[in-house]
2 protein chains.
Amino acid sequence: MTSGSAVPLNYTSLKKKFEPFLSRRVENRFLKSFWDASELSDDVIELAGGMPNEKFFPVESIDLKISKIPFNNNPKWHDSFTTAHLDLESPGELPIARSLQYAETKGLPPLLRFVKDMVARINRPLFSDEAESNWDVILSGGSNDSMFKVFETICDESTTVMIEEFTFTPAMSNVEATGAKVVPIKMSLTFDRDSQGIDVDYLTQLLDNWSTGPYKHLNKPKVLYTIATGQNPTGMSLPQWKREKIYQLAQRHDFLIVEDDPYGYLYFPSFNPENPLENPYYSSNLTTERYLNDFLIKSFLTLDTDARVIRLETFSKIFAPGLRLSFIIANKFILEKILNLADITTRAPSGTSQAIVYSTIKAMAESNMPSSLSLKEAMFESWIQWIMQIASKYNHRKNLTLKALYETESYQAGQFTVMEPSAGMFIIIKINWGNFGKPDDLPQQMDLLDKCLVKNGVKLVLGYKMAVCLNYSKENSDFLRLTIAYAKDDFQLIEASKRIGSGIKEFFENYKD
Amino acid sequence: MTSGSAVPLNYTSLKKKFEPFLSRRVENRFLKSFWDASELSDDVIELAGGMPNEKFFPVESIDLKISKIPFNNNPKWHDSFTTAHLDLESPGELPIARSLQYAETKGLPPLLRFVKDMVARINRPLFSDEAESNWDVILSGGSNDSMFKVFETICDESTTVMIEEFTFTPAMSNVEATGAKVVPIKMSLTFDRDSQGIDVDYLTQLLDNWSTGPYKHLNKPKVLYTIATGQNPTGMSLPQWKREKIYQLAQRHDFLIVEDDPYGYLYFPSFNPENPLENPYYSSNLTTERYLNDFLIKSFLTLDTDARVIRLETFSKIFAPGLRLSFIIANKFILEKILNLADITTRAPSGTSQAIVYSTIKAMAESNMPSSLSLKEAMFESWIQWIMQIASKYNHRKNLTLKALYETESYQAGQFTVMEPSAGMFIIIKINWGNFGKPDDLPQQMDLLDKCLVKNGVKLVLGYKMAVCLNYSKENSDFLRLTIAYAKDDFQLIEASKRIGSGIKEFFENYKD
């Protein structure tokens, strides 16, 4: 452990330390329950809780066909599919009599245990005690729901929140809905993995001189919201040294770090221009252990001596978004307040979604793994293997797209730079204005570029539309975001890349006039 | 149309009329989206939205086994089961490529259309125009989530909300989380169906004399929250004449009515002491039409000339609670504000839950219905038939329980009265203190009674724990709530009723001392 936590972090000390971070509205939030089933012996007939008997449910059983390989088009590969059967009594630890019933707000225990175990193994909070008792995980209804619950718990009209200058803008909506104010943080937009992302010198200056700086009319920030890995929209990841610096700033200026990480598992090894389609994920000696240790970028949790990090993960990108299933990791005191909010608002996320995720991972484990492994171990291993397959596909798509972009006439004429991403689902393309110089009416010019691109048959996102504050980021906002996630196949990505090339080329042809 | 709406209720007039009802915080809520896919032609490759391709989803298909009869224990009755198959491409209108994907916050279109059609047929808002364009329905993540969204949209620290003096207490938590204040409304606790529920004279007096009354320190109420049918905990339903009076009061004092209706489909015909197990649901001439017209109690929507009613329904009691799936019906302006909140918080409810509900109802329709009916018509008919089966089971359980309670020694000694419920999942038992007179320490005595009941092997809910304000309702809170929903079979309900009898008897044996 490093500085700042001589006191052991148990519930009492966490409460003392983090109570001042709570929103004014937290005190109004507590569930008025009117009975308690916990203390009854088995022979007592319980006519208290208003739960329907499970035999009132019209669904008797659910059978899932599960693909062990993404983009699994060959139904003849029997080995590449497996199945899961759920009914009122099975699987024993999570039958549909349980998952279709009212359930614990924090999530169904078997899935919750799986998730907490996964976090403990991949990104164990540095402040955690031996019993793993001062931190916890709760399930939530998608990352947007998680964000909302976190910000509602810590923000009100008096709060200032720092956000990377380009971001997933609905996060801002969430912060601003609480009445809090958002301050943009400068980023280094570069493909150099050792210097990309939040500009740490800027951040230091800003915080050290807050009272005389541009935001002196606002309270000092209580929170930094960051998509630290595979950032949206930039695809950049904070290098370890920046994470350490930022954490030290969080200690010095006492702010929380909300680390939103929907894309982190999709890590991209560096692009090899000599062999563009080289894909280290295909290497036969890439074990899950190597993927976890050498590929994945570690969470801020692993630096967190003080319990000031709140991490958000989701099943949306590695399973499916329609599940509306995500999870929140934080110290036990803050998480309890977030759970209080869930208790009186959404309650638990969908039990059907939870059952489907749990059963899918379990079925993968049972069909893949040597019987020498425990079920717990096998579930972890096979889930990570699934994630690696997803990541390998994304890495392939990224390579393919970079290659195709680099082959365009427009690129070769120096009209744009590609910010090779280090993780995630996005690639950004920065426009090079060359001899013309940067236009004064940059957003208008980018709108014209967008028209040219659509005319050439491709739709991207304009960088300036993802700026926290357009005035602040105008100079840097001459980029386009493309996603490699949705295209139906390689051919479509190659075709789209060509169209991007011709769209930019056409734009510059007219721009000259 | 009656008084108060000479102006046609379109979006503009609704906005003018209902803007003053919005919470102060509504103005902070809007989604900052950064692209718009709506205007693209088919040949444009869309690399904008960050949606994963559906072939990244590990689930290839979902097969449901669906019971057409609740408590369907005989797997040999082949006719009583049906199946539904969902995969990436089917059913065409809602394949899992769609339901497992990011989707519209308001709900997936096929299910939403089904629900709106159902509401239009059963409880069409009186203010609706011919095109059904000034009201709408959105799906939500369970009634608790609906409540939260409604109260967050209309309540803040300045708001007063009226609630029946006994209620589902988590509703209060929801109101109070916004900072609003709750005022209890007196109820007539009686099994007389023509006078049960909210005390309308009391309500009239209270509102007409607000400025000199007991709550004059609070703002005049902006909302009445009511569980008007099969109320929780009382099982009572507001008779039509009371609904009309309350609606007139809402017009005179300009408040909204939030009608929470999780139990309304579970209508109970009157108990027949001559033939306790008589169950009109078993009658062969009970058509869906008769059930809808003669049994179901109509929503406040059907009285709503002014668009001031917000109705909440849920799939929890008639399908399954673990789905976390419900819906909200309101005028288009207010509903838009509720949807804005959903956009930046939960977004859509679980797509897997939506797909399961839609496919189940469709499968029931396809297997039950004569082919002369359109799919839309068949889905409506078979869903109502399913609901009627659920209601028939609840009615049977209610009859059985009343009969068993009436047969107890304790009842026959006059120690309690049963408030025969008119709908829902609950029965309340009122204690008769007889010669002893009502105790001064009523809650303490009820706690002792609870101990006696548990000792006799049955757990109920104590009425006083569901009081909005115990001081206000002390005199009336000497009742117990039991649910007929969860017991595993008839025998358990009969046994529980006997235990209730012996528990109360034992309590009075000691009470004498």
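The values are calculated or read from the model by the stated rules, or taken from the named source; none is laboratory data. These numbers were taken from a predicted model, which means no experiment stands behind them. Cβ sites come from the backbone with ideal geometry, for glycine too, and all protein chains shown count toward neighbours. Calculation scope for accessible area: heavy atoms of the full protein, side chains included, ligands and nucleic acids excluded. Shrake-Rupley method; radii C 1.70, N 1.55, O 1.52, S 1.80 Å.
Just to be sure I understand: if you take the accessible area of chain B alone plus chain A alone and subtract the pair, with a 1.4 Å probe, what total do you get in Å², rounded to 100? Write out the running numbers ahead of the final one.
Working: alone 23150 and 23060 Å², together 36930 Å².
So the buried area, both faces added, is about 9300 Å².
Compute the Cα gyration tensor for chain A, then decide on rounded, prolate or oblate, letting a ≥ b ≥ c be the square roots of its eigenvalues: rounded whenever a/c is under 1.5, prolate when a/b is larger than b/c in the other cases, and oblate in all that remain.
Details: a/c = 1.90, a/b = 1.27, b/c = 1.49.
It comes out oblate by the Cα gyration axes.
Once the piece of chain linking A:E157 and A:D42 is laid out straight, how much longer is it, given 0.36 nm per residue of separation minus the C-alpha distance between them? Could the numbers behind the result be given before it?
Working: separation 115, 0.36 × 115 = 41.40 nm, distance 4.93 nm.
Using 0.36 nm per residue and subtracting the Cα-Cα distance, I get 36.5 nm.
From largest accessible area down, sort B:H253, A:H85; use a 1.4 Å probe on the protein chains.
Numbers: B:H253 30, A:H85 85 Å².
The residues order as A:H85, B:H253, largest area first.
Which of rounded, prolate, oblate describes the protein assembly as shown, given a ≥ b ≥ c as roots of the alpha-carbon gyration tensor eigenvalues and a/c under 1.5 marking rounded, otherwise prolate only if a/b is larger than b/c?
Numbers: a/c = 1.73, a/b = 1.64, b/c = 1.06.
Prolate.
Within 13 Å, Cβ to Cβ, of A:D63, how many net charges do the neighbouring residues add up to if Lys/Arg are +1 and Asp/Glu are -1? If you can, show how the numbers build up before the last one.
On the way: positive: A:K65, B:K65; negative: A:E60, A:D87, B:E60, B:D63, B:D87.
Taking every other residue near A:D63 into account, the sum is -3.
Calculate, for A:E509 and B:L88, the FRET efficiency according to 1/(1 + (r/R0)^6) with r their C-beta to C-beta distance and R0 51 Å; round to the nearest 0.05. Before the final figure, lay out each step's value.
Numbers: r = 42 Å, r/R0 = 0.81.
For R0 = 51 Å, the calculated efficiency reads 0.75.
Rounded, prolate or oblate for the stretch A:162-239? Axes are the square roots of the Cα gyration tensor eigenvalues, ordered a ≥ b ≥ c, and the cut-off for rounded is a/c under 1.5.
Values: a/c = 2.81, a/b = 1.28, b/c = 2.20.
Taking the square roots of the gyration eigenvalues as a ≥ b ≥ c, the stretch A:162-239 is oblate.
So what's the gap between the Cα centers of the stretch B:45-60 and the stretch B:132-206, to the nearest angstrom?
When both Cα centres are located, 42 Å separates them.
Check which residues have an amide H placed less than 5 Å from B:I310's amide H, if you skip close sequence neighbours.
Hits under the 5 Å cutoff: B:I257, B:V258, B:E259.
Roughly what % of DSSP beta bridges within the protein assembly as shown run antiparallel, to the nearest 5?
Numbers: 71 of 107 bridges.
Around 65 percent antiparallel, to the nearest 5.
Can you list which of the trypsin sites (Lys or Arg not before Pro) found in the stretch A:164-273 are DSSP loop residues with at most 12 other C-beta atoms within 10 Å?
Details: sites: A:K181, A:K186, A:R193, A:K216, A:K222, A:K242, A:R243, A:K245, A:R252; in loops: A:K186, A:R193, A:K216, A:K222.
Answer in residue order: A:K216.
Can you compute the modelled spin-label distance between B:F491 and B:D441, with each label point 7 Å from Cα toward Cβ, in nm?
Result for the modelled spin labels: 4.1 nm.
How many angstrom separate the Cα center of the stretch B:470-493 from the Cα center of the stretch B:366-386?
Using only Cα atoms, the two centres lie 37 Å from each other.
What whole-number volume per residue, in cubic angstrom, does the convex hull of the C-alpha atoms of the stretch B:212-299 give?
Working: hull volume 12.8 nm³, N = 88.
In the stretch B:212-299, the Cα hull volume divided by residue count equals 145 Å³.
What order do A:K498, B:K15 take when sorted by accessible area (1.4 Å probe), most exposed first?
Values: A:K498 115, B:K15 75 Å².
From most accessible down to least: A:K498, B:K15.
On a 0 to 90° scale, report how tilted helix A:442-455 is relative to the longest principal axis of chain A, with both axes built from alpha carbons and the result rounded to the nearest 10.
It is inclined by approximately 80 degrees.
Based on the Kirkwood radius over alpha-carbon pairs, what is the Stokes-Einstein translational diffusion coefficient of the stretch B:392-510 at 20 °C with 1.002 mPa s viscosity, in µm²/s? Intermediate results must be reported in sequence, preceding the final value.
Working: Rh = 14.4 Å.
Roughly 148 µm²/s, to the nearest whole number.
Per 0.36 nm of contour for each residue apart, how much would the distance between B:E244 and B:T204 grow if the chain were fully extended, relative to their Cα-Cα spacing?
Gain on stretching B:E244 to B:T204: 13.1 nm.
Can you list, shortest first in nanometers, how far B:T204 lies from the same residue in the other copies, with each label 7 Å from Cα toward Cβ?
Inter-copy label distances (nm, one decimal, shortest first): 7.6.
With just the Cα atoms of the stretch A:52-109, tell me how far they stretch along each of the three principal axes, in Å, largest first.
42, 25, 17
What ³J(HN,Hα) values, in whole Hz, does the Karplus curve 6.51 cos²θ - 1.76 cosθ + 1.60 give for the stretch A:182-187 when θ = phi - 60°, with x put for Gly and Pro?
Listing the rounded values in order: 9, 10, x, 10, 4, 10 Hz.
In degrees between 0 and 90, to the nearest 10, how far off the longest principal axis of chain A does helix A:351-368 point, with axes built from Cα atoms?
80
Take the alpha-carbon centre of the stretch B:227-278, take the same for the stretch A:295-359, and report the distance between them in whole Å.
Here the two parts' Cα centres lie 40 Å apart.
Could you work out the relative contact order of chain A, using alpha carbon pairs under 8 angstrom and six or more residues apart, expressed as a whole percent? Present the calculation step by step, with values, prior to reporting the outcome.
Values: 876 pairs, mean separation 96.9, N = 513.
Reported relative contact order: 19 percent.
Considering only the label points, 7 Å along Cα→Cβ from Cα, what distances in nm to one decimal separate A:H217 from the same position in each other copy, shortest first?
3.7
Dipole of chain A, Cα-centred, from +1 at each Lys and Arg C-beta and -1 at each Asp and Glu C-beta, to the nearest 20 debye? Mind showing how you got there, number by number?
Numbers: 56 positive and 64 negative charges, 172 e Å.
Using only the charged Cβ atoms, the result is roughly 820 debye.
Over the protein assembly as shown, with the other protein chains present, what is the accessible area per residue in square angstrom, probe 1.4 angstrom?
Working: 36930 Å² over 1026 residues.
Per-residue value: 36 Å².
Treating the Cα atoms of the stretch B:3-119 as identical point scatterers in vacuum, please give the log10 of the normalised Debye intensity I(q)/I(0) at q = 0.12, 0.22 Å⁻¹, two decimals.
Those come out to -0.83, -1.37, one per q.
What does the structure give for B:480-489 when I average, per residue, the other chain Cβ atoms found within 10 Å of the residue Cβ? Please report the intermediate quantities before stating the final value.
Numbers: counts 2, 5, 4, 7, 3, 7, 12, 4, 4, 2.
Rounded to a whole number, the mean comes out at 5.
Filter the GluC sites (Glu not before Pro) in the stretch B:243-303 to those in DSSP coil with at most 13 other Cβ atoms within 10 Å of their Cβ, and list the result.
Working: sites: B:E244, B:E259, B:E274, B:E278, B:E289; in loops: B:E274, B:E278.
Sites meeting the loop and neighbour criteria: B:E274.
Cα extents of the stretch B:284-401 along the three principal axes, largest first, in whole Å?
Cα spread of the stretch B:284-401 along its principal axes, largest to smallest: 47, 37, 33 Å.
Report the FRET efficiency, 1/(1 + (r/R0)^6), for A:K451 and A:H217, where r is their Cβ-Cβ distance and R0 is 35 Å, rounded to 0.05. Walk me through the numbers on the way to the answer.
Numbers: r = 39 Å, r/R0 = 1.11.
Rounded to the nearest 0.05, the efficiency is 0.35.
Once you have the Cα-Cα distance between A:T287 and A:Y472, take 0.36 nm times their residue separation minus that, and quote the gain in nm to one decimal.
Numbers: separation 185, 0.36 × 185 = 66.60 nm, distance 4.41 nm.
Taking 0.36 nm per residue and subtracting the Cα distance, the gain is 62.2 nm.
What are the label-to-label distances in nm, one decimal and shortest first, from B:S371 to the same spot in the other copies, with labels 7 Å along Cα to Cβ?
For B:S371, the other copies' label points sit at 5.0 nm, shortest first.
Share of the stretch A:182-231's accessible area from carbon and sulfur, percent, 1.4 Å? Don't skip to the answer; put the middle values down first.
Numbers: 990 of 2020 Å².
Carbon and sulfur: 49 percent of the exposed surface of the stretch A:182-231.
Per-residue HN-Hα couplings for the stretch A:258-271, Karplus 6.51 cos²θ - 1.76 cosθ + 1.60 at θ = phi - 60°, whole Hz, x for Gly and Pro?
9, 9, 8, 10, x, 10, x, 5, 8, 7, 10, x, 4, 5
Could you calculate the FRET efficiency of B:D294 with B:E407 from 1/(1 + (r/R0)^6), where r is the beta carbon distance between them and R0 is 25 Å, rounded to 0.05? Intermediate values should be presented prior to the final figure.
Values: r = 30 Å, r/R0 = 1.22.
Efficiency, from the Cβ-Cβ distance: 0.25.
Taking every DSSP beta bridge with both residues inside chain A, roughly what % is antiparallel (nearest 5)?
On the way: 32 of 48 bridges.
That works out to approximately 65 percent antiparallel.
Please list, in order along the stretch A:315-327, the HN-Hα scalar couplings obtained from phi with the Karplus expression 6.51 cos²θ - 1.76 cosθ + 1.60 (θ = phi - 60°), rounded to whole Hz, x for Gly and Pro.
Computed from phi, the couplings for the stretch A:315-327 are 8, 5, 8, 9, 10, 6, x, x, 4, 6, 9, 8, 8 Hz.
Using DSSP to define loop residues, name the GluC sites (Glu not before Pro) in the stretch A:371-427 whose beta-carbon has at most 15 other beta-carbon atoms within 10 Å.
Numbers: sites: A:E377, A:E381, A:E407, A:E409; in loops: A:E407.
Sites meeting the loop and neighbour criteria: A:E407.
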